[in-house]
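A.B. asks: First the structure, then my questions, so here it is.
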Amino acid sequence: MIDAFVSGFWQVLAWPAFGYLLIGIAVGFFVGLLPGLGGLATLALMLPFSYTIKQPVEAFCFLLGMLAVTGTTGDITSILFGIPGEGSSAALILDGYPMSKRGEAGRALGAAITSSVFGAMVGALSLALSIPIMRPLVLLFGSPELFIIAIMGVTFIGTLAGASLLKGLLAGGVGLMLAAIGVDPQTGSLRYTFGSLYLWDRLDIIPVVVGLFAIPEIVDLAVRGTSISEVPKTKLVGVIEGVKDTFRHFWLTVRCSLIGVYFGVLPVLGANVAQWIAYAHGVQGVKDAGKGAVEGVLGPGAANNSTRGGDLIPTVAFGIPGSGSMALLLGALLIVGLNPGPEMLKQHLDVTFAMVWVLIIANLIVAGLCFLILNQLAALTFIRGSLLIPFLLFFVFIGSFTANNSLADLIATLIFGVAGYFMVLYGWPRPPLILGLILGKIAENYLWISTAAYGSKWLLFPSVIILIIITIVIVAYPTIKERRGRARYERPDDAI
Amino acid sequence: MLRKFKRLRVSGFKGLIPLTLYLFIPLSLYFNLSTVTSACAQEPFYKGKTIRIVVGLSAGGGYDRAARIVSRHLGKYIPGNPEMIVQNMPGAGSVIAANYVYGVATPDGLTLLTPHNNVYLSQLAGHKEVKFDLLKFHWIGSLENDDMMIFMRADAPYKSIGDVVKSKEPPKCGSTGVGSSDYVMSRILEETIGAKIDNVVGYPGSSEIALAMERGEVICMGLTVSTYFTREPFLSWQKKGFVRFLAQSGRKRNRRVPDAPTIFELMNEYKTAATSRRVAQAMLLGGEWARSLLAPPGTPPDRVKILREAYEKATKDPDLVAEAKKGRVEVSPTKGEELQTMAKEGMDQPPEVIEQIKKLFVQ
């Protein structure tokens with residue numbers, strides 16, 4: 001095992017594997033930065049190139065290395081411009097962007113990147129540690145458990161609602177309704193498609209997220225007529241401060257990383273869900289949540305990176321992809337002659353460890369790179385808005401378009417952009433809508449499957465009962481805590 | 001309105017071997033005697049042109065992979081050696097792509113379509129969103145056979161498909177959705193021989209169903225034969241003897257699944273009524289023309305001819321076969337003319353058959 005661990009390390013550092021890794025990192029760096037343009041779409045674009053690579057390790061150095069860094073650099077765009085760099089980086093906007101507006105972009109970026117590296121480490125470590133127990137771990141979760149976990153996610157709407165719980169719940173409800181759009185897999189009937197073929201395949205998450213979050217911020221920037229930062233450039237509040245924040249909230253970062261791993265392991269749930277759960281967990285009980293609390297940056301920053309390690313667990317152990325991007329990666333691995341599955345844990349253990357090393361090395365390199373240019377990046381927030389807006393709009397629409405290469409996605413972006421603008425104007429929270437949209441489909445499918453497979457018996461499974469109890473505790477926890485002592489609740493440092 | 005939107009993802013490879021150009025100019029002249037004079041005066045139509053293959057599924061999947069393999073080799077067999085690019089236009093089970101190529105793209109032999117195998121089911125079901133008629137397309141050829149099979153955990157009480165027919169309690173099979181090939185196959189077994197299968201529908205993909213099989217959430221599933229024999233976890237299953245094959249959809253038994261009866265054998269055994277037979281025949285068509293290439297109606301006949309001949313040659317090219325093998329595509333091509341006949345026979349069904357299909361598969 002140790003041999004394989006060491007051998008994996010040298011395989012990644014060997015030439016030309018390391019060269020491919022650097023190319024992957026370079027591509028991933030920009031893909032992450034550009035709003036909307038996501039790791040998944042880019043992976044699909046890059047796939048034909050990887051067909052010409054001969055060695056499996058070289059192929060995933062390129063592809064996995066690219067994927068690994070998109071999560072980190074995606075956070076940067078979310079924080080600086082309030083525009084999600086990746087679908088899985090949207091949660092960083094909630095507190096990261098207010099920090100930028102306050103002139104604290106440096107600190108937010110420092111925190112996001114440090115927590116990202118942290119998350120990647122935890123993810124890679126979990127992948128390495130779980131190798132002996134991978135199979136039972138993945139088999140632990142059946143459809144009933146997945147359904148309850150989706151419901152658990154829905155309950156986080158309460159935490160994400162912000163000022164008005166009622167508005168939050170209504171927004172979440174709208175999200176759940178939007179999730180019903182499309183061809184229903186159970187009966188094949190068309191729901192809310194209004195004769196449009198585009199709506200057959202359900203709403204894609206990217207145009208909705210980009211529309212809801214990016215367009216209102218761009219409009220706001222245009223209306224304000226200033227730079228993103230509302231305070232003049234005096235002194236950049238240090239990047240080092242952000243790094244320190246990560247260690248100040250060490251256990252919070254660890255917990256949020258583990259949330260990411262956990263959601264990565266589960267099929268269908270991934271970084272898109274994990275970020276919101278980690279955010280909700282991070283800001284639970286934090287007084288200035290949504291106004292620039294660093295906990296709201298650390299949580300999703302760590303979680304959206306650690307999911308990559310989690311995603312790889314079922315992919316490696318069963319040849320069953322843990323997410324859309326893993327499905328594409330799996331296809332690439334098959335072509336270069338690697339067949340993920342049990343043999344990855346025996347004969348090809350060194351290759352599995354090489355994957356662990358790719359995750360770690362790629363994130364360390366990109367973090368180093370980011371820290372070098374962080375001050376320049378943060379300086380963008382002091383540029384006059386009118387100079388930024390054309391570029392932002394351009395990239396926002398390019399990003400939405402590349403999700404499916406469909407012009408209809410641009411219309412969806414515009415529609416949700418308008419909706420997002422009015423939601424901001426009238427104080428309606430946007431995260432519950434996104435969470436409802438993502439989880440609605442999962443919850444519906446797995447409720448159907450559970451009932452079709454087990455009748456009503458699944459409700460009495462011990463695992464299901466335990467998960468229900470956990471859900472109730474999560475919902476009731478803030479209330480209980482509040483009763484125990486208001487003084488403690490109001491201390492922003494105590495972020496449990 | 002939306003169906004008209006062009007989706008652009010363009011990438012492809014040059015397949016240029018200038019020498020073959022000179023080889024094929026005389027050949028194309030020979031086949032196009034009527035245009036000899038004009039062809040002498042000018043270069044082959046395809047010279048300097050780019051052929052676009054519109055794939056009705058997203059990049060990275062099996063259809064995309066197959067189309068890209070074809071795109072890298074087809075050009076060198078077409079006089080003029082055109083460049084070939086692949087464009088993905090996913091959505092609505094390829095209906096969007098088929099509508100586009102049928103109604104929007106210019107039928108000049110430069111735009112071709114690779115739809116989902118089962119896109120014809122949307123047409124048979126009479127969805128009003130379907131704006132194409134698959135029978136009017138010119139079929140160029142198909143790359144594979146997608147024979148399906150149903151298999152079950154070996155520790156389940158049912159030992160054969162006959163046990164399922166006799167059993168009072170139907171086995172639970174996992175499936176992705178009502179339009180999917182696995183679901184179609186199980187409904188056909190019920191329709192033709194009365195083997196009732198309880199479909200647990202809604203899994204995101206075959207990988208998730210495989211997991212559910214391992215957990216015992218469901219005990220059976222349907223999958224193409226080629227996928228089963230090239231992917232995990234199925235390879236391990238095969239080694240362990242984890243599953244037993246119950247039935248297969250091909251006309252002949254697949255050599256790798258010698259013990260499972262075909263639906264056609266079963267229909268003879270159970271003396272299936274004529275209407276149900278026709279339903280089965282129509283519903284199983286998709287497997288026969290996997291990864292097919294079509295040209296829209298109105299494409300000049302001489303170009304259809306060129307494309308068909310080039311396709312036939314390209315699918316015999318050792319380079320293509322080797323590359324396909326690497327990409328886990330098992331090449332077993334069918335000629336365009338055969339597909340055209342097959343489509344006509346399979347889709348031209350009397351109203352009662354169509355009614356039955358709608359009843360079975362459309363709500």
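The values are calculated or read from the model by the stated rules, or taken from the named source; none is laboratory data. None of these values were measured; they are calculated from a predicted model. Cβ coordinates were reconstructed from backbone atoms using ideal geometry, including for glycine residues, and neighbour counts include every protein chain displayed.
A.B. asks: Of all residues in region B:199-213, which are facing chain A (nearest Cβ under 7 Å) and outside any helix (DSSP H, G or I)?
C.D. replies: B:Val200, B:Val201, B:Gly202, B:Tyr203, B:Pro204
A.B. asks: Tally the residues that are aliphatic (A, V, I, L, M), over 24 Å from the mean Cα position of the chain (by Cα) and at pLDDT below 85, restricting the search to region A:350-379.
C.D. replies: Summing the residues that are aliphatic (A, V, I, L, M), over 24 Å from the mean Cα position of the chain (by Cα) and at pLDDT below 85 in region A:350-379 gives 1.
A.B. asks: In the set B:Leu189, B:Leu223, which member is surrounded by fewer than 22 Cβ atoms within 10 Å (Cβ to Cβ) and either within 23 Å of the chain's Cα centre (by Cα) or assigned to a strand (DSSP E or B) (or both)?
C.D. replies: Being surrounded by fewer than 22 Cβ atoms within 10 Å (Cβ to Cβ) and either within 23 Å of the chain's Cα centre (by Cα) or assigned to a strand (DSSP E or B) (or both) holds for just one of B:Leu189, B:Leu223, which is B:Leu223.
A.B. asks: Where in region A:1-105 are there helices (runs of 4 or more DSSP H), lying wholly inside it, with at least 2 residues that are more than 14 Å from chain B (Cβ to nearest Cβ) and in contact (Cβ under 8 Å) with a residue 24 or more places away in the chain?
C.D. replies: Where helices (runs of 4 or more DSSP H) fall fully within region A:1-105 and carry at least 2 residues being more than 14 Å from chain B (Cβ to nearest Cβ) and in contact (Cβ under 8 Å) with a residue 24 or more places away in the chain, they are A:2-13, A:17-33, A:56-81, A:91-101.
A.B. asks: Count, please, the residues in region B:151-171 that happen to be within 14 Å of chain A (Cβ to nearest Cβ) and either surrounded by 22 or more Cβ atoms within 10 Å (Cβ to Cβ) or within 23 Å of the chain's Cα centre (by Cα) (or both).
C.D. replies: Total meeting the criteria: 1.
A.B. asks: Just checking: which of the helices (runs of 4 or more DSSP H) contained wholly in region B:230-323 hold 2 or more residues that are more than 28 Å from B:Met185 (Cβ to Cβ) and of a type outside the set (A, V, I, L, M)?
C.D. replies: Result: B:301-314.
A.B. asks: Just need a number here: residues in region B:305-337 that are surrounded by fewer than 21 Cβ atoms within 10 Å (Cβ to Cβ) and over 20 Å from the mean Cα position of the chain (by Cα).
C.D. replies: Residues flagged as surrounded by fewer than 21 Cβ atoms within 10 Å (Cβ to Cβ) and over 20 Å from the mean Cα position of the chain (by Cα) within region B:305-337 amount to 5.
A.B. asks: In this structure, is B:Ile78 at the interface with chain A (Cβ under 10 Å from one of its Cβ atoms), surrounded by 24 or more Cβ atoms within 10 Å (Cβ to Cβ) and hydrophobic (A, V, I, L, M, F, W, C)?
C.D. replies: Working: at the interface with chain A (Cβ under 10 Å from one of its Cβ atoms): no; surrounded by 24 or more Cβ atoms within 10 Å (Cβ to Cβ): yes; hydrophobic (A, V, I, L, M, F, W, C): yes.
No.
A.B. asks: Hey, can you tell me all the residues within region B:57-71 that are among the aliphatic types (A, V, I, L, M), crowded, with 23+ Cβ neighbours inside 10 Å and at pLDDT 80 or above?
C.D. replies: Of the residues in region B:57-71, the ones among the aliphatic types (A, V, I, L, M) are B:57, B:59, B:66-67, B:69-70.
Of the ones still in play, those that are also crowded, with 23+ Cβ neighbours inside 10 Å are B:59, B:66-67, B:69-70.
The answer is B:Ala66, B:Ala67, B:Ile69, B:Val70.
A.B. asks: Any residue in region B:133-150 that is away from every other protein chain (no Cβ under 14 Å), modelled with pLDDT of 90 or more and more than 30 Å from B:Leu74 (Cα to Cα)?
C.D. replies: Scanning region B:133-150 turns up at least one residue that is away from every other protein chain (no Cβ under 14 Å), modelled with pLDDT of 90 or more and more than 30 Å from B:Leu74 (Cα to Cα).
A.B. asks: Still on this model: For region A:330-369, name all the residues that are at the interface with chain B (Cβ under 9 Å from one of its Cβ atoms), assigned to a helix (DSSP H, G or I) and closer than 18 Å to A:Phe62 by Cβ.
C.D. replies: The answer is A:Leu330, A:Gly331, A:Ala332, A:Leu334, A:Ile335.
A.B. asks: Output the residue which, of all residues in region A:378-409 that are more than 23 Å from B:Val54 (Cβ to Cβ) and not in a helix (DSSP H, G or I), is farthest from the other protein chains (Cβ to nearest Cβ).
C.D. replies: A:Arg384
A.B. asks: What number of residues within region B:138-186 satisfy the criterion of being in a loop (DSSP other than H, G, I, E, B), hydrophobic (A, V, I, L, M, F, W, C) and more than 17 Å from B:Val257 (Cβ to Cβ)?
C.D. replies: Within region B:138-186, residues that are in a loop (DSSP other than H, G, I, E, B), hydrophobic (A, V, I, L, M, F, W, C) and more than 17 Å from B:Val257 (Cβ to Cβ) number 2.
A.B. asks: I'd like the full set of residues that are surrounded by fewer than 24 Cβ atoms within 10 Å (Cβ to Cβ) and either farther than 18 Å from A:Asp311 by Cβ or within 17 Å of the chain's Cα centre (by Cα) (or both), limited to region A:118-135.
C.D. replies: Answer for region A:118-135, where residues must be surrounded by fewer than 24 Cβ atoms within 10 Å (Cβ to Cβ) and either farther than 18 Å from A:Asp311 by Cβ or within 17 Å of the chain's Cα centre (by Cα) (or both): A:Met121, A:Pro132.
A.B. asks: Identify, please: which residue in region B:110-121 is modelled with pLDDT under 90 and within 14 Å of chain A (Cβ to nearest Cβ) and is, among those, farthest from A:Asn404 (Cα to Cα)?
C.D. replies: Only one residue tops the list, namely B:Leu121.
A.B. asks: Go through region B:83-109 and count every residue that is facing another protein chain (nearest Cβ under 7 Å), in a helix (DSSP H, G or I) and either surrounded by fewer than 24 Cβ atoms within 10 Å (Cβ to Cβ) or among the β-branched types (Val, Ile, Thr) (or both).
C.D. replies: Adding up the residues that qualify gives 2.
A.B. asks: Can you tell me which residue among A:Val265, A:Val174, A:Val231 is modelled with pLDDT under 90 and away from chain B (no Cβ under 14 Å)?
C.D. replies: Answer to the check: A:Val231.
A.B. asks: Still on this structure, I have one more. Among the listed residues B:Glu288, B:Glu232, which satisfies the condition of being at pLDDT below 90 and away from chain A (no Cβ under 14 Å)?
C.D. replies: B:Glu288
A.B. asks: Being without any contact (Cβ under 8 Å) to a residue 60 or more places away in the chain and within 14 Å of another protein chain (Cβ to nearest Cβ), is that true of even one residue in region A:292-314?
C.D. replies: The answer is yes, given that some residue of region A:292-314 is without any contact (Cβ under 8 Å) to a residue 60 or more places away in the chain and within 14 Å of another protein chain (Cβ to nearest Cβ).
A.B. asks: Still on this structure, please answer the following. Of the residues in region A:140-171, how many are within 13 Å of another protein chain (Cβ to nearest Cβ) and either more than 20 Å from A:Gly270 (Cα to Cα) or buried (at least 16 other Cβ atoms within 10 Å of the Cβ) (or both)? So that I can check it myself, show each step before the final result.
C.D. replies: We begin by selecting, within region A:140-171, every residue within 13 Å of another protein chain (Cβ to nearest Cβ); these are A:140-147, A:150.
In the following step, the residues that additionally are either more than 20 Å from A:Gly270 (Cα to Cα) or buried (at least 16 other Cβ atoms within 10 Å of the Cβ) (or both) were identified as A:141-147, A:150.
Here the count works out to 8.
A.B. asks: Within region B:52-75, which residues are in a helix (DSSP H, G or I), away from every other protein chain (no Cβ under 11 Å) and β-branched (Val, Ile, Thr)?
C.D. replies: B:Val70
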